[in-house]
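Working notes, beginning with the structure itself.
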Amino acid sequence: MDSAGTLIEVGMADMKMAVNPSVIVTRGLGSCLGVVLYDGLKKLAALAHPMLPKIDEGRVKSNPYKFVDSAIAAMLEEFRKKGCQPFLLTAKIFGGAHMFSSIPIDSIFNIGMRNAEVAKEIFSANGIKLIAEDTGGNSGRTIFVDSATGKVAVRTLFHGEKVL
């Protein structure tokens, strides 16, 4: 990633948008999902770090960025406010790891897998192309989103870095 420009940090249950030249970063993606939406015409990137699949399954619903479904809906609304058309956006997802070996991989309690599935359903329903993903496995990730290109650098402790 190009280090020129501003570095914008996104915490858990948070979302940030950025225009060129900026890099948006989120750290510690385990079962959480890093959701990246990008408008290549406007060079506008957004990164959310939701923790759980669906807001209607949550006890506390005050933060839409805590849940994959409501985070993506809120992101789409922010893009609309900036004059973007959702069907022109591209999406990438990261994280969704299976962090607890005591939970069977096909269990409803495999939150990472469910997070990724919910994101894909919402993208499909909104006509948004999922162009890259690095999900699953059992290691945490840190991702850096370049607002100039929409490229995402994915860093893992044992697998190094790759750019998608």
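Is the stretch 118-159 rounded, prolate or oblate when judged by the Cα gyration tensor, a ≥ b ≥ c being the square roots of its eigenvalues, rounded requiring a/c under 1.5 and prolate requiring a/b larger than b/c? Spell out each step's value before the answer.
Numbers: a/c = 3.50, a/b = 1.40, b/c = 2.50.
It is oblate, given that a/c is not under 1.5 and a/b is not larger than b/c.
Cross-link check: pairs Lys120/Lys151; Lys16/Lys42; Lys61/Lys162; Lys81/Lys162; Lys129/Lys162 evaluated at a Cα-Cα cut-off of 27 Å; pairs beyond the cut-off: Lys61/Lys162; Lys81/Lys162.
Working note: Cα gyration tensor of the chain, eigenvalues times five, square-rooted, sorted largest first, giving semi-axes of 23, 19, 13 Å.
Take the Cα of Glu117, step 7 Å toward its Cβ, do the same at Leu130, and the gap between the two points is 1.2 nm. Amide H contacts under 5 Å for Ile8: Val23, Ile24, Val25, restricted to partners 5 or more places along the chain or on a different chain, H placed in the peptide plane at 1.01 Å from N.
Using θ = phi - 60° in the Karplus curve 6.51 cos²θ - 1.76 cosθ + 1.60, the 3J(HN,Hα) couplings for the stretch 76-84 round to 4, 5, 5, 5, 4, 4, 9, x, 8 Hz; x is entered for Gly and Pro. The sum of -39500 (n - 2.57) across all DSSP H runs of n ≥ 4, divided by the residue count of the chain, sets its helix-only mean residue ellipticity at 222 nm to -5500 deg cm²/dmol. Let me check against my output: what whole-number percent is the relative contact order of the stretch 1-78, with C-alpha pairs under 8 Å and at least 6 apart? The value is 28 percent. In order along the stretch 130-143, the Karplus-derived 3J(HN,Hα) couplings, from 6.51 cos²θ - 1.76 cosθ + 1.60 at θ = phi - 60°, round to 8, 9, 7, 8, 9, 10, x, x, 9, 10, x, 9, 10, 10 Hz, and Gly and Pro are given as x. Normalising the average separation of contacting C-alpha pairs (under 8 angstrom, six or more residues apart) by the number of residues puts the relative contact order of the chain at 27 percent.
Quick note: the coordinates plus some simple rules give every number you see, no bench work behind them. Everything quoted here is computed from the prediction, not taken from an experiment. With ideal geometry, Cβ positions are generated from the backbone for all residues, glycine too; neighbour counts draw on all protein chains shown.
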